[in-house]
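Rule-based calculations on the coordinates, nothing more; no lab input. In this text, all values refer to a predicted model and were calculated from it rather than measured experimentally. Glycine gets a Cβ as well: all are built from the backbone with ideal geometry, and neighbour counts include every protein chain shown.
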Amino acid sequence: MPAQMDRLVEEQNKTWQRMQDIQNLAEREGRDWTAEERTNWDAAEARLTEVSGDIERLNKMDALDKVDRGQVAVTTGEPNEGRGTDAEEKAKRYDEAFGRYLRGGMDRLTPEQRNMMMDNEVDLRAMGAGLDNAGGFTVPDEFRNIMTETMKAFGGLLGLAEVITTSTGADLKWPTNDDTGNEGEILGENQPAGEQDLGVGGRTLKAYIYSSKQVKLSMSLLQDSAFSLESWVPKKLGERIGRRAARSFTTGTGVDQPEGLTTGAVVGKQGAGGQTTSVIYDDLVDLEHSVDSAYRAMARYLMHDQTLKVIRKLKDSQQRPLWVPIPAPGFPATINGFEYSLDNSMPTPAAGAKTIAFGDFKAGYVIRQVQAVQTLRLVERYAEYLQVAFLGFSRLDGMIQDSSAIRMYQHAAS
């Protein structure tokens, strides 16, 4: 993959330079573009979008590959092999039991493994999931790690915000604050220190249930030992939950669901009249400076890919492009010197839409994640089709925790 990444980065930069050459030539000669130049520009822009998308996909694949390495333990069955603490041994036994459960259900387990699984059963009806089945089973650490990291890769803010992991789903009181307007003081000799309360509020983080929907597999595939079920299933469950959670973290109303960025974050810059789908350079500068300088050192942009397409055409006052492609593998592309992340659950440019977030997301947004991820195996429902379905559940919530750390750009209403 490094060779492929090198090739894509080189092509991206050459394509971008070709587009700049077309624009600069017309500007130097003080004329409009020719029909041929427009055709060449459009073709180059289409290719640039494809190459940039491929680079994003390779970066996601690289992250997921790193998670998968060494996740599934291979044992030879020797009595003393890899013997560790009692907790480690119990975890290994549960991991093995869970793997056999995924492939063959409870009937394939030994009595000891069945008891172990029953000890980790979760009543999903009590969670309000509306299921006829009695419950699912808590997944082992390796399964959960793959699923969680996949959720981060596809979950937008889940990979940027502060993530608090709890062992249960009980309501969690969490402070919110904005103390940027307060400062200390210089004391004279024998003078008492003054008082100034922190601007601290309080909110409650809940644990909303996110479902992957059903993922069906044929029984013949489950019986194929060459098929890595233990990594494939958590990836697919994590992708689906990650995409749905990402939409909540960006556009959630905060009522019976997380509070999204577009709902809770302050608008730092409103587009002028007529800018219903456009953004100008000055607007981005104003947006950046609407965030307190204390947060800008760790700040970045967050937006939909369609918004990035608009920004890629902008230049600063010196006619330098705001968007700078990856200079070399390992270095990020930037907008006006700041890194950016794409999240296609963010709104696209439209009248009144809040399409661009800028700030320190780790300081400004908090996500609560319950550690106990559950998986349900459905057999009877699809038995006549010789299929088995898997259903994953994760409990999450999110909200703005520091209102000064993040600002939004909002397009004009008309």
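For the reader, a short list of remarks on this structure follows.
- Residue by residue, region 7-22 carries 3J(HN,Hα) couplings of 5, 5, 4, 5, 5, 4, 5, 5, 5, 5, 5, 4, 5, 5, 4, 4 Hz when phi is fed to the Karplus relation 6.51 cos²θ - 1.76 cosθ + 1.60 (θ = phi - 60°); x denotes Gly or Pro.
- Dimensionless Rg over Rh [the chain; C-alpha; Kirkwood]: 1.05
- Residue order, fewest to most beta carbons within 10 Å, for Val291, Val324: Val324, Val291
- Ordering Gln4, Leu48, Thr15 by Cα displacement along the dipole of region 1-69 toward the positive end leaves Gln4 in first place; charges were set at the Cβ atoms of Lys, Arg (+1) and Asp, Glu (-1).
- Report summary: the helix-based calculation at 222 nm, which adds -39500 (n - 2.57) for every DSSP H run with n ≥ 4 and divides by the residues of the chain, gives -12000 deg cm²/dmol.
- When only alpha carbons are used to place a centre, region 209-246 and region 273-314 end up 37 Å from one another.
- Nitroxide proxy distance, nm - points 7 Å out along Cα→Cβ at Ala43 and Lys216: 4.5
- Between the residues Tyr281, Leu58, Phe361, the greatest Cα displacement towards the positive end of the dipole of the chain, with unit charges on the Cβ of Lys, Arg, Asp and Glu, is found for Leu58.
- Order by protection proxy (mean Cβ within 10 Å, highest first), peptides 357-367, 185-195, 34-44: 357-367, 34-44, 185-195
- Qualifying lysines (Cα of each under 18 Å from Cα of Lys309; at least 8 residues distant if same chain): Lys14, Lys354
- Antiparallel content of DSSP bridges confined to the chain, in %, to 5: 75
- Net charge dipole size for the chain [Lys, Arg +1 and Asp, Glu -1 on Cβ; Debye, nearest 20]: 1220
- Listed by chain and number, the lysines placed with their C-alpha closer than 21 angstrom to that of Lys236 are Lys60, Lys66, Lys152, Lys213, Lys216; residues fewer than eight positions away on the same chain are left out.
- Those aspartates and glutamates that a straight Cα-Cα span of less than 15 Å connects to Lys235, excepting residues fewer than 8 apart in one chain: Asp62, Asp65, Asp68, Asp141, Glu142, Glu149
- Cα-based radius of gyration of region 1-69 once divided by 2.2 N^0.38 Å, which approximates compact folds: 1.48
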